[in-house]
Each structure stands twice: as structure tokens, then as C-alpha cells.
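Colleague: Below is one structure. I have some questions about it.
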Amino acid sequence: MKILICDDSLMIRRQFKNMILEIGNHDVIEAVNGENAIAVYKENKPDLVYMDIIMPVLNGIGAINGIIEIDKNAKVIMLSSVGTKENLSEALKAGAVDFIQKPVEMEILKRTLDKFYKEA
């Protein structure tokens, strides 16, 4: 499965990528902000996107809107830090299919991958 990780933190992206690769042999690509995520999505058509909500340039909500314009069936899972419940609600309205609270736990990540891997 091809997976896009979008987070402005290099450390979070690396940690997340390592966890995904530990779970299975997936192709992982990265984006540094919402604007970059839209471009990377358009070019690579990933099966699943993990998207941070709060980022510079273009936040996760804006990025979901751009990705949904490209692909109505895009599967975007939002990554949320504590205290972003309002943004989470907006993200789900914009088209996110699920959300994960940061810091991400391996078991929760595995569950979302299993769920959406079957659908990909």
C-alpha cells in the first residue's frame, strides 16, 4: 500500500514512517505541509494519507479540501494533538475518514492500517 505522511515535524514524519515500515512492507512518501501534500497526492495517488491538522503554509483542513477535489474517494486520516477537537470536527466534515491522537501508539496505527489496507 502507498501511504502519504504529512506533518511539518521531521521527527514526527520519521517516527511515523518507521512505525509503518515496522508493521508492513508499505511504500511511504512524505509531505511537509498541506500545500506540499496536495502536490504529492496528485503526483503519487497514495492509498492512504495521514495528515497533521496544524501546519504552516496550508493546514490539514485546507489540504483535505484540495485532495478531495483531486480524488473524492481519498482516504485521509487526521493526526491530532491534544486540544484540537474543533479542528478535528472540521476535518471530518471536510472528508477525513478517521483520526488518531498524537503521540501515535503502534497498536492504534496498526488497526487503522489493517482497516484501510483491506479497502485499498
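Just so you know, all these numbers are worked out from the coordinates, no wet-lab data involved. None of the values given here were measured: they were computed from a predicted structure. Positions of Cβ are backbone-derived with ideal geometry, glycine not excepted, and every protein chain shown enters the neighbour counts.
Colleague: How much of the calculated P(r) for segment 8-67 lies past 18 Å, in percent of all Cα pairs?
Modeller: Value for segment 8-67: 32 percent of Cα pairs lie more than 18 Å apart.
Colleague: In debye to the nearest 20, how big a dipole does segment 28-71 give about its Cα centre with +1 on each Lys and Arg Cβ and -1 on each Asp and Glu Cβ?
Modeller: Value, rounded to 20: 40 debye.
Colleague: Going Cα to Cα from LYS102, which lysines come in below 18 Å? Please leave out same-chain ones fewer than 8 positions away.
Modeller: LYS17, LYS85, LYS110
Colleague: Based solely on its DSSP helices, what 222 nm [θ] is calculated for the chain when runs of n ≥ 4 H residues each add -39,500 (n - 2.57) and the sum is averaged over all residues, nearest 500 deg cm²/dmol?
Modeller: Mean residue ellipticity at 222 nm (helix-derived): -15500 deg cm²/dmol.
Colleague: Contour minus end-to-end for ASP71 and LEU21, with contour as 0.36 nm per residue of separation and end-to-end as the Cα-Cα distance?
Modeller: 15.5 nm
Colleague: Taking a quarter of the surface of the Cα convex hull of the chain, what do you get in nm²?
Modeller: Across all orientations, the chain yields a mean hull projection of 6.3 nm².
Colleague: When you count, for each residue, the other Cβ atoms within 10 Å and take the mean per peptide, how do 101-112, 40-51, 10-21 rank with the highest first?
Modeller: By packing density, highest mean first, the sequence is 40-51, 10-21, 101-112.
Colleague: What are the lysines whose alpha-carbon lies under 17 Å from the alpha-carbon of LYS115, with same-chain residues fewer than 8 places away excluded?
Modeller: Of all the lysines, those that pass the test against LYS115 - Cα under 17 Å, at least 8 places apart if same chain - are LYS2, LYS75.
Colleague: May I ask for the distance between the Cα centers of segment 85-109 and segment 1-80, given as a whole number of Å?
Modeller: A separation of 12 Å, based on Cα centres.
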